[in-house]
Amino acid sequence: MYRLVQMIREDLSNAREHDPAARGDVENAIVYSGLHAIWAHRVAHWLWLRGFKGFARILAQSTRFLTGIEIHPGATIGRRFFIDHGMGIVIGETAEIGDGVMLYHGVTLGGQVLTQTKRHPTIEDNVTIGAGAKVLGPITVGRGSAVGANAVVTKDVPPEHIATGIPAKNRPRGKDEKIKLVDPDYYI
Ligand SMILES: CC(C)(COP(=O)(O)OP(=O)(O)OC[C@H]1O[C@@H](n2cnc3c(N)ncnc32)[C@H](O)[C@@H]1OP(=O)(O)O)[C@@H](O)C(=O)NCCC(=O)NCCS
């Protein structure tokens, strides 16, 4: 119970850190569909790992209906995960997401094959993925990297790189991009 409360507090403070529009914790807990989606996913993942797969899928689908964010209960997601805006996000069953990752609306972490293998991406710590980006296949987006809005990524992105375009091309992050790729003061 103590861990649960700690986790909720951490998620709320993470929301404040990532969104300049965020105000009080109570309001954020009520209005942020990204928070609702991750909280529901943690329950659904817990059920999934204990063999209650049907209940897990029902919870995930109900959350999708309410938030527009579809996270398969099998997906592994770390701490301080933040989804801004949210609508249209799809995260596949074998996706693995590290700590401190941020996704905008319209992101797909999808597969390219229909076999029951690891077929979705691995997103390492502190990665930001811009609105509408599609990251496809069992590839890795390295820690501290960013994927630009609307990019289509089908190959690994090395750590501390930026991937933009279709198909995405990687370039190293500049020195001045080390702290914040998306300055919350400049977007809505
Ligand atoms: C990819 C991104 C992280 C790059 O940020 P940056 O390093 O500050 O990039 P810059 O603005 O300096 O642009 C560098 C070059 O990349 C291009 N570029 C930037 N973002 C791009 C994108 N998403 N797709 C294609 N090219 C892009 C710029 O036009 C510029 O090209 P140029 O060198 O030919 O002039 C950022 O542009 C981005 O897409 N962030 C996601 C933001 C988002 O989804 N916001 C949603 C808020 S609701």
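Each label was represented as a point 7 Å from its Cα along the Cα-to-Cβ direction; for F65 and R79 these points are 3.4 nm apart. Surface composition of the chain: carbon plus sulfur atoms contribute 59% of the solvent-accessible area (1.4 Å probe, protein chains only, all chains present). Spin-label model, E27/K155: points 7 Å from Cα along the beta carbon direction are separated by 4.6 nm. Over region 75-187, accessible surface divided per residue gives 49 Å², non-protein components excluded, 1.4 Å probe. Once C-alpha pairs closer than 8 Å and six or more residues apart are averaged by separation and normalised to the residue number of the chain, the relative contact order reads 12 percent. Within 10 Å of each candidate Cβ there may be at most 14 other Cβ atoms; applying that plus a DSSP loop requirement, which trypsin sites (Lys or Arg not before Pro) in region 8-37 survive? Passing sites in region 8-37 are R23.
The simple Förster model, with R0 at 41 Å and r as the Cβ-Cβ distance, assigns I166 and R50 a FRET efficiency of 0.55. For region 49-136, the list of GluC sites (Glu not before Pro) that fall in a loop by DSSP and count at most 16 other C-beta atoms within 10 angstrom reads E93.
May I ask for the distance between the Cα centers of region 10-62 and region 75-104, given as a whole number of Å? That distance is 10 Å. The longest part of the chain holding none of the exposed loop chymotrypsin sites (Phe, Trp or Tyr not before Pro), meaning those outside H, G, I, E and B in DSSP with at most 15 other Cβ atoms within 10 Å, is 53-186.
The values are calculated or read from the model by the stated rules, or taken from the named source; none is laboratory data. None of the values given here were measured: they were computed from a predicted structure. Ideal geometry is used to build each Cβ from the backbone, glycine not excepted, and the neighbour counts take in all protein chains shown. Only protein heavy atoms, including side chains, enter the accessible area calculation; ligands, DNA and RNA are left aside. Shrake-Rupley method; radii C 1.70, N 1.55, O 1.52, S 1.80 Å.
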